[in-house]
Amino acid sequence: MQTLRVALGERAYPIHIGSRLIGEPGLILPHLPHKRVAIVTNEVVAPLYLERLREALRGAGVEVLDIVLADGEEQKNWATLNSVFDALLAARCDRGTTLLALGGGVVGDLTGFAAATYQRGVPYIQVPTTLLAQVDSSVGGKTAINHPMGKNMIGAFYQPRAVVSDMDTLGTLPERELRAGLAEVIKHGLIRDAAFFDWLEANLQRLLAKDPEALAHAVLRSCQIKSGIVAGDEREEGERMLLNFGHTFGHAIETGLGYGAWLHGEAVAAGMLFAADLSVSAGTLPKAEADRIGALLARAGLPSGAGGLTRDRMLELMSMDKKARERRIRFILLDRIGAARVSSAVPAAAVGAALACLA
Ligand code: NAD
Ligand code: GLY
């Protein structure tokens, strides 16, 4: 097992990465104010991993409530959030109850937001079971549900007490989900670490074949990059915006097509291609580097384009981006692979050129 720390002062927490961790109550017990937890999971993950986690905790004398949600991005909504509150209240869970998010980013984001708001805040622990959640959504304390008008529009910054990433759970992850998670791994190389991007180019086949050593390296390096950025800018006032590379376009695609039509990682991959093209049209990134990015995303089996959305619709949806200030969209541009920056002065013509492939 490898352990990193997210250095956030009194809200610092460990990220444990390794094999057979779901059966290790010792990683969770030190973070519980009382021996009472509510595991929030979904109907796909529950038959796979709920029993193992529940029995490990019960064996350590912890009282466990389970809350099993329906599956899918479209569950990141008020009604499902409310069903979590209903279950917590019906079981008379108090402020000493810790929520455990067992699942992918949907369960993690929703459970984190439930924890941020239930009785004005209870502790929570992330137990991510998708590659995307292990490399990205479980770390950093962004919690949210979606609004019909915009992705992740209702939420809170609220850090977990710990992240327990059991790499064995990736064994059951469908191939399409694995590829979607790779999009966020590739993002980390693009914004911060050219050598990691080179490593991804060289090791993509191992990752797609679920080679445990390659996956562990991808998760560890991603968590190192993300936790370093979050430690310096928890509430996204500056550097953390870099983690949104491709997301202005990607969130527009997810909202425009309807939540769940494309996977989040797929929309981010297509968004990163638009953002690379924008970097070329804004004059910051050499075209050859954008071609390299496109080639790696294509080899990873990730989509391009916007699923039939028109240029005008994309622009309308992008204007809702949470990074926008005084109606100006802020874009993340690449200067080269491994170096990104925020720009609020991208000419409209450059944005138009990046979206030129759309009707
Ligand atoms: P997801 O949570 O929908 O999980 C993907 C699918 O895999 C689901 O059907 C799920 O039930 C299933 N699944 C989960 N673990 C499994 C396993 N081990 N074996 C088999 N099936 C399994 O999607 P995701 O890609 O994990 O997360 C996407 C969400 O994360 C989006 O809502 C996105 O906005 C959010 N996100 C949040 C952050 C953040 O910083 N908070 C960052 C990135 C993405
Ligand atoms: N996924 C972007 C962030 O956590 O800031």
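Within the stretch 198-230, the only residue that satisfies the criterion of being touching a Gly at 6+ places or on another chain (Cβ under 9 Å) and not in a helix (DSSP H, G or I) is Lys210.
The helices (runs of 4 or more DSSP H) falling completely within the stretch 231-312 that include 1 or more residues that are surrounded by fewer than 18 Cβ atoms within 10 Å (Cβ to Cβ) and away from ligand 2 (no atom under 13 Å from the Cβ) map to 247-257, 287-299. Only one of Gly238, Gly265 is touching a residue at least 24 places away in the same chain (Cβ under 8 Å) and touching a Leu at 6+ places or on another chain (Cβ under 6 Å); which? Answer to the check: Gly265. Considering the stretch 39-54, and only residues there that are outside any helix (DSSP H, G or I) and either among the β-branched types (Val, Ile, Thr) or over 22 Å from the mean Cα position of the chain (by Cα) (or both), the residue that is farthest from Pro174 (Cα to Cα) turns out to be Ile39. Screening Pro174 against (1) modelled with pLDDT under 95; (2) near ligand 1 (Cβ under 8 Å from one of its atoms) leaves a single unmet condition, (1). With (1) within 15 Å of Ile28 (Cβ to Cβ); (2) near ligand 1 (Cβ under 8 Å from one of its atoms); (3) surrounded by fewer than 24 Cβ atoms within 10 Å (Cβ to Cβ) as the list, and Pro123 as the residue in question, which single condition is left unmet? Going through the list (1) within 15 Å of Ile28 (Cβ to Cβ); (2) near ligand 1 (Cβ under 8 Å from one of its atoms); (3) surrounded by fewer than 24 Cβ atoms within 10 Å (Cβ to Cβ), Pro123 breaks only (2). Name the residue, out of Leu21, Leu57, that is in contact with a helix residue (DSSP H, G or I) (Cβ under 7 Å, 6 or more places away or on another chain), not in a loop (DSSP other than H, G, I, E, B) and not β-branched (Val, Ile, Thr). Checking each option against the conditions leaves just Leu57. Only a single criterion out of (1) within 25 Å of Arg336 (Cα to Cα); (2) within 13 Å of ligand 2 (Cβ to nearest atom) is not satisfied by Asn152, namely (1).
The values are calculated or read from the model by the stated rules, or taken from the named source; none is laboratory data. Keep in mind that this is a model prediction, so the values were computed, not measured. Every residue, glycine as well, gets a Cβ built from its backbone with ideal geometry; the counts of neighbours run over all protein chains shown.
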